[in-house]
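One structure, pasted below without further comment.
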Amino acid sequence: MPELDLRPLLMIPGPVEISPEVRAAHDGPPPGHLAPSLIEAYGLALERMRTIWDAPPSAQPFLIAGSGTLAMDMAAANLVEKGSRVLVINTGYFSDRMVEILRRYGAEVTSLGAEPGYAVPLSAVEIALQRESPQAVFVTHVDTSTGVRMPAQEVARLARTHGAMTVVDGVCATGAEALSMASGDVDVYLTGSQKALSLPSGLALLVVSERMLEARRKRSAPPPYYLDYLAWQPIMQAYEERGKAYFATPATNLVQAAPVAMAHILSDEFAGLKGINARTARNKHVAAAFSVAWQHLELSSICAHPEDRGVTMSALKYPARTGPELVNVIRAQGLVVAGGLHPKIKSTYFRVGHMGWMTTQPDLLVKAVRGVGDGLNAAGASVNVDKAVEAFKAYLESVPA
Ligand SMILES: *Cc1c(COP(=O)(O)O)cnc(C)c1O
């Protein structure tokens, strides 16, 4: 893939680099939505979603043209009616978006926040659950504006003991952070194709529990036409049974690529683990290696507590005497990183995405460390890039037992 060397390496928190195999599966003339090869790819993708999401047989996977925001919209639209009480655990930019979406559907939203860079303590979640008795809790697994991770599985378990359902925005996490739907605590786990699944952008992917589908069936008014679980469910069921179906035209090239990206996750092997468990362990190891590199480059995270940092990205403070122009200086070294996103602290930090397929490509990861280090020096810092790269590689190779 020579183009990878000529254009800058894309290391933002999505879209991310994709494998040559995924690219090959995506390229080519568009298949029709009833082509046997498309039906097979769709069925495989839905089956593989069940495995990656660790979903019980009663749950329903949905794979639909759209972005992560469409998946958020769908999760809200099928559940919320005017006056529904919901609790949003607000860790940043995309939690704010969830609040806005829920309010548009008439929900009474309680937003339980923390300062930028901090997770919301489970004790605070518990108090809010007791006080508000919400119908549902919405939580962002890894907030892309700060890199803060919420322990979504534990939040869902708590919510369930209080009779609430849980929707987890996994757009910056699914396929890289551990989460299982098997216990039945999480009712919706949603993502977009361009993040840790390492596909091009353009697909919204959700797995929805039977309990959540029942909540949709009990609604008095249907949700917006394109967003309705009940409109899509027969289509998904038909594809999984390798049958023909049509509701709205799928993104057929993307559907062809989806099972290839998912197979890459499910065939991963790392530290004695296989499949999605190997992949989540690998992402964790790579994130720890980046922490080592950042220390050598004298960069500090905006997440105060290391245990609150998600594995899919790093959010790093601009060092003294640098600022948002650093992103352009780094780009000139052949590396695309992202600026700050959280409205309160936007101009004080930048973000590096490291998730999915690229975590299996040490050369790309090293290039990222070097690009950031060279950028820092070009911006007037004086850091030892070779030493940072050496420490990064050493950590990367020290595969955990
Ligand atoms: C990227 C992202 C979104 C939005 O996804 P789009 O595909 O841009 O619509 C939502 N939530 C989180 C956590 C994200 O990282």
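On the basis of being assigned to a loop (DSSP other than H, G, I, E, B), under 30 Å from T348 (Cβ atoms), without any contact (Cβ under 8 Å) to a residue 60 or more places away in the chain and within 22 Å of the chain's Cα centre (by Cα), does V120 make the cut?
Values: assigned to a loop (DSSP other than H, G, I, E, B): yes; under 30 Å from T348 (Cβ atoms): yes; without any contact (Cβ under 8 Å) to a residue 60 or more places away in the chain: yes; within 22 Å of the chain's Cα centre (by Cα): yes.
Spelling it out, V120 is indeed assigned to a loop (DSSP other than H, G, I, E, B), under 30 Å from T348 (Cβ atoms), without any contact (Cβ under 8 Å) to a residue 60 or more places away in the chain and within 22 Å of the chain's Cα centre (by Cα).
Those residues that are touching a residue at least 40 places away in the same chain (Cβ under 8 Å) and either surrounded by fewer than 24 Cβ atoms within 10 Å (Cβ to Cβ) or not in a loop (DSSP other than H, G, I, E, B) (or both), I need them from segment 168-178; list them, please. Explain how you work it out, then say what you get.
In the first step, residues of segment 168-178 are kept if they are touching a residue at least 40 places away in the same chain (Cβ under 8 Å); the result is 169, 171-178.
Hits for segment 168-178 are D169, T174, E177, A178.
Another question, if that's okay. Among the helices (runs of 4 or more DSSP H) lying completely within segment 297-401, list those that include at least 3 residues that are of a type in the set (A, V, I, L, M), modelled with pLDDT of 95 or more and closer than 26 Å to R282 by Cα.
Values: elements: 325-331, 362-378, 385-397.
Output list reads 362-378, 385-397.
Looking at A287 and the list (1) over 21 Å from G43 (Cα atoms); (2) among the small types (G, A, S); (3) in contact (Cβ under 8 Å) with a residue 12 or more places away in the chain; (4) away from the ligand (no atom under 16 Å from the Cβ), which single condition is not satisfied?
Failing condition for A287: (4).
Suppose we filter A231, A281 for residues that are of a type in the set (A, V, I, L, M), under 30 Å from K367 (Cβ atoms) and modelled with pLDDT of 95 or more; which single one remains? Please lay out each step first, then the result.
Working: A231 fails: under 30 Å from K367 (Cβ atoms).
Step by step, each of A231, A281 is checked, and only A281 is of a type in the set (A, V, I, L, M), under 30 Å from K367 (Cβ atoms) and modelled with pLDDT of 95 or more.
Related question: Quick one: is L122 away from the ligand (no atom under 12 Å from the Cβ), touching a strand residue (DSSP E or B) at 6+ places or on another chain (Cβ under 9 Å) and of a type outside the set (S, T, N, Q)? First the steps, then the outcome.
Details: away from the ligand (no atom under 12 Å from the Cβ): yes; touching a strand residue (DSSP E or B) at 6+ places or on another chain (Cβ under 9 Å): no; of a type outside the set (S, T, N, Q): yes.
When the stated conditions are applied, L122 does not pass them.
Right, another one. For the structure I just gave you, tell me whether S198 is buried (at least 24 other Cβ atoms within 10 Å of the Cβ), within 20 Å of W357 (Cα to Cα), more than 11 Å from the ligand (Cβ to nearest atom) and among the polar types (S, T, N, Q). Even if it seems obvious, please write down each step before you answer.
Numbers: buried (at least 24 other Cβ atoms within 10 Å of the Cβ): yes; within 20 Å of W357 (Cα to Cα): yes; more than 11 Å from the ligand (Cβ to nearest atom): yes; among the polar types (S, T, N, Q): yes.
Yes: the conditions hold for S198.
Of all residues in segment 229-278 being under 24 Å from L70 (Cβ atoms) and hydroxyl-bearing (S, T, Y), which is surrounded by the most Cβ atoms within 10 Å (Cβ to Cβ)?
Y239
Only helices (runs of 4 or more DSSP H) wholly contained in segment 18-113 count here; list those with 1 or more residues that are under 26 Å from A221 (Cα atoms) and out of contact with any strand residue (DSSP E or B) (no Cβ under 6 Å at 6 or more places or on another chain). Lay out the reasoning, then the answer.
On the way: elements: 20-26, 36-53, 68-77, 93-104.
Here the list reads 68-77, 93-104.
Quick one: is L102 modelled with pLDDT of 95 or more and within 23 Å of A156 (Cα to Cα)?
On the way: modelled with pLDDT of 95 or more: yes; within 23 Å of A156 (Cα to Cα): yes.
So L102 passes the test.
Given the options L44, L70, name the one that is surrounded by fewer than 24 Cβ atoms within 10 Å (Cβ to Cβ) and farther than 22 Å from F94 by Cα.
Working: L70 fails: farther than 22 Å from F94 by Cα.
Residue meeting the stated conditions: L44.
Still on this model: Restricting attention to segment 68-111, which residues are of a type in the set (G, A, S), within 17 Å of Y225 (Cα to Cα) and within 12 Å of the ligand (Cβ to nearest atom)? Quick ask: steps written out before the conclusion?
Initially, segment 68-111 is screened for residues of a type in the set (G, A, S), giving 68, 71, 75-77, 83-84, 92, 95, 106-107, 111.
With the extra rule that they be within 17 Å of Y225 (Cα to Cα), the set shrinks to 71, 75-77.
A71, A75, listed by residue number.
Filter segment 201-237 down to the residues that are away from the ligand (no atom under 16 Å from the Cβ), more than 16 Å from A59 (Cβ to Cβ) and assigned to a loop (DSSP other than H, G, I, E, B) and list them by number.
Hits for segment 201-237 are K218, R219, S220, A221, P222, P223, P224, D228.
For segment 138-167: of the residues being assigned to a strand (DSSP E or B) and within 16 Å of the ligand (Cβ to nearest atom), which is surrounded by the fewest Cβ atoms within 10 Å (Cβ to Cβ)?
From segment 138-167, those assigned to a strand (DSSP E or B) are 138-140, 142, 148-149, 165-167; that's our starting set.
Narrowing the set further to residues that are within 16 Å of the ligand (Cβ to nearest atom) leaves 138-140, 142, 148-149, 166-167.
Details: F138: 31, V139: 28, T140: 32, V142: 30, V148: 29, R149: 22, T166: 25, V167: 31.
Selected residue: R149.
Just the residues that are of a type outside the set (D, E, K, R), in contact (Cβ under 8 Å) with a residue 12 or more places away in the chain and assigned to a helix (DSSP H, G or I), please, taken from segment 238-256. Talk me through it step by step, then tell me what you get.
First pass over segment 238-256, keeping only residues of a type outside the set (D, E, K, R): 238-239, 243, 245-256.
Those left that are additionally in contact (Cβ under 8 Å) with a residue 12 or more places away in the chain: 239, 243, 246-256.
Within segment 238-256, Y239, T252, N253, L254, V255, Q256 qualify.
The values are calculated or read from the model by the stated rules, or taken from the named source; none is laboratory data. As the structure is a prediction and not an experimental result, all values here were calculated from the model. Note that we place each Cβ from the backbone using ideal geometry, even for glycine, and neighbour counts take in every protein chain shown.
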